[in-house]
Structures are given as C-alpha cells and as structure tokens.
C-alpha cells in the first residue's frame with residue numbers, strides 16, 4: 001500500500017482540488033483508495049472568508065477514516081467497518097468506514113503521529129492500494145509517517161510571486177534532504193544529542209533539541225578535529241543552529257549532522273530562513289542528513305486568493321498571473337509544479353507511485 005500525504009501551505013491554496021484530482025486518477029486505474037485528514041476537512045464554506053469550498057467526493061468501495069460524528073455530515077452512504085475507539089480526537093471517537101454509495105464526505109482524522117501509524121496499519125489490512133493523508137503545513141509533523149508528500153501552494157499563501165516561489169523552493173530543499181545510511185538506529189534513538197568520533201567514541205548532551213543559544217555554545221565546545229557525526233533527535237531551531245555554525249565555522253568541514261526527519265528542522269523557523277542556514281552548513285562542508293525521509297514529490301499551485309474589501313467588509317475572488325507564478329516556481333524547484341485545474345494528473349499519479357517505489361534509494365552515505 002502506498003501512503004501519500006497532501007498538505008496545503010495555507011487555506012485556499014487548492015489542497016482539496018489536488019486531492020480530488022488524485023482520487024479521480026486512482027479510480028481510473030482501478031485503485032482502491034482510503035482517505036483521512038490530520039485535522040478537519042470537507043466543509044461547504046470557508047469559515048474565514050465565507051467563500052464556497054470544493055467538497056471531497058468518494059466513490060463506492062473506497063474507505064475513509066473519520067470521526068463517527070462526521071458520517072452524517074456528507075452525502076455519501078457510509079458503513080462503519082471498524083470502530084477505532086482507542087483513538088480519540090476533538091470530535092470524539094474515530095472509525096474506518098466504507099463508502100456504500102458515492103457522495104461527499106467530511107473527514108476528521110488522527111492528529112498525532114502515533115495515531116496515524118496505527119491507522120495506516122489498520123488500513124493496510126483492508127487491501128487498499130493507496131492511502132491519502134490530508135493535512136496542512138502548520139500540522140505537518142504526523143506526515144512523516146507517510147512515504148512522500150505533495151504540497152499545494154498559491155497566492156492565498158502570498159500574493160508576492162517571487163517571495164512565494166522562494167519559499168516553495170526552500171520547502172523543496174528542506175523536505176528533500178538526503179537519507180542517511182550507515183547509522184546504527186539505536187544510537188539515533190538515544191536520549192540526548194550525540195557527538196560521535198571517527199573512532200566510534202560517543203558523548204552525549206543531556207538535551208534532545210538544539211533550541212537555545214546556551215545549547216549551541218555547549219555543543220560547539222564538544223566539536224573536535226576527530227568528530228565525525230552529530231545526532232540531534234529533537235527540534236533544530238533556526239537561530240540556535242545558525243549560532244552553532246557561526247561559532248564552529250570551518251571546524252565542521254567533513255562532519256555530518258543527522259536529524260530524525262526533515263520536519264525537525266522545518267518547524268525550527270520560516271522555510272526561507274531554514275533553507276538559508278542549510279546552505280550555510282553545506283558551504284562549510286557540514287552535511288545534513290535525515291533518518292526518516294519525507295520527500296517532496298510534487299507542487300500544485302493555485303493563482304486564486306481571497307481579496308478582502310474594507311469597504312464591504314467581505315471577501316471576493318482574485319487571481320495573480322498564473323503564467324508568471326508557474327515560471328517563478330519552476331525556476332526555484334527541483335520537483336514538478338502543476339496547476340491541477342488546467343493539467344490532467346492521470347499520468348502524474350502513476351509517476352508519483354513510481355517515485356514512492358524507489359524513494360529509499362535516494363540516500364547519502366556518511
């Protein structure tokens with residue numbers, strides 16, 4: 001079973017439209033799809049702008065993982081095939097339901113990584129071909145349990161096209177950090193930041209995250225000529241990491257930083273800031289690797305944004321130049337950027353699955 005994440009960088013960036021396009025592509029090739037959401041999705045109207053939102057429609061035979069309370073809120077006829085009473089979310093108990101008659105659905109799914117892992121294991125037992133996990137950039141952490149992610153971005157995130165393209169390229173850099181090989185898994189899971197020498201000698205700081213200037217200074221004092229690898233199991237804060245690089249400088253050349261996953265770096269600052277500090281590290285010859293990859297597979301973009309009128313105190317539909325946006329994105333990205341309103345994703349869907357098949361080959365030795 002393929003497990004694919006789809007996240008919007010903001011509301012109204014086209015995440016639901018992207019999801020619907022992929023659901024349609026999967027249906028064309030006869031794939032059974034399961035769907036859940038890290039959070040809540042499927043409402044009729046945007047709860048901020050009041051503008052209509054596209055609905056999620058599921059075909060007969062597909063599966064949804066949602067709160068039991070959400071079942072009557074769509075038009076699809078759903079049959080609960082397994083309660084998930086041990087997983088509770090703000091809307092109550094969850095369940096796995098099968099679509100008996102096609103229609104719209106409202107999804108409220110697991111918001112913790114451990115719960116998503118349980119759900120993935122359950123869905124695999126139902127023979128689904130693809131499990132799509134819907135989410136958002138501001139609740140992306142559980143997505144590391146998926147095999148790869150699609151990001152939906154657009155003018156609703158930022159109407160400054162150049163800035164939006166730079167941010168999206170930064171997300172590409174962060175999420176596509178290479179996978180580390182040659183690491184003993186037990187070492188990575190140790191409680192505390194590990195400093196490992198070329199001879200295999202291990203030393204630990206009694207803190208998991210690089211999230212304070214004092215930790216940056218403490219860690220910098222531990223870096224010696226024979227240091228080979230630094231392992232940080234927790235969050236890597238942008239400011240603290242920059243401070244660490246500034247203190248150590250060229251002493252870091254030939255050494256490697258390993259983090260559990262790219263989300264641990266992404267949540268430490270704005271995407272542009274984080275990508276800049278990654279570049280600074282690379283310029284010093286200090287490699288950054290991840291244990292668990294969450295590769296960015298595809299960007300979908302939406303030129304639409306809700307424009308607010310102070311006169312009417314209401315929102316209306318507005319658009320940036322689609323062609324300029326597409327051009328700017330493709331200049332910054334290593335992955336494809338497509339407008340799913342104008343481009344068929346049937347072939348793209350199959351190519352995504354091929355990427356997931358070979359994703360673990362995209363590694364870097366240390």
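The values are calculated or read from the model by the stated rules, or taken from the named source; none is laboratory data. Keep in mind the model is a prediction, meaning the values are calculated, not measured. Cβ placement follows ideal geometry from the backbone for every residue including glycine, while neighbour counts extend to all protein chains displayed.
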Next item on the list: Specify the residue that is nearest to residue 148 (Cα to Cα); the eligible residues are those in region 295-325 that are at pLDDT 90 or above and in a loop (DSSP other than H, G, I, E, B).
Entry: 295
Margin query: When you scan region 119-126, do you find a residue that is over 12 Å from the mean Cα position of the chain (by Cα) and part of a strand (DSSP E or B), even just one?
Written below: no
Notebook entry, point to check: Can you pull out the residues in region 194-238 that are more than 20 Å from residue 287 (Cβ to Cβ), within 28 Å of the chain's Cα centre (by Cα) and outside any loop (DSSP other than H, G, I, E, B)?
Noted result: 213, 215
Checklist line | Residue under evaluation residue 280, criteria (1) assigned by TED's automatic domain parsing to the domain that holds residue 242; (2) crowded, with 17+ Cβ neighbours inside 10 Å; (3) over 27 Å from residue 155 (Cβ atoms), criterion not met | finding: (2)
Checklist line | Restricting region 326-348 to residues that are touching a residue at least 12 places away in the same chain (Cβ under 8 Å) and in a helix (DSSP H, G or I), the residue that is surrounded by the fewest Cβ atoms within 10 Å (Cβ to Cβ) | finding: 331
Notebook entry, point to check: If you take the residues in region 255-273 that are out of contact with any helix residue (DSSP H, G or I) (no Cβ under 8 Å at 6 or more places or on another chain) and not in a loop (DSSP other than H, G, I, E, B), which one is surrounded by the fewest Cβ atoms within 10 Å (Cβ to Cβ)?
Noted result: 256
Note to self: Can you pull out every residue in region 244-254 that is in contact with a helix residue (DSSP H, G or I) (Cβ under 9 Å, 6 or more places away or on another chain) and touching a residue at least 24 places away in the same chain (Cβ under 8 Å)?
What the structure shows: 244, 245, 247, 248, 251, 252
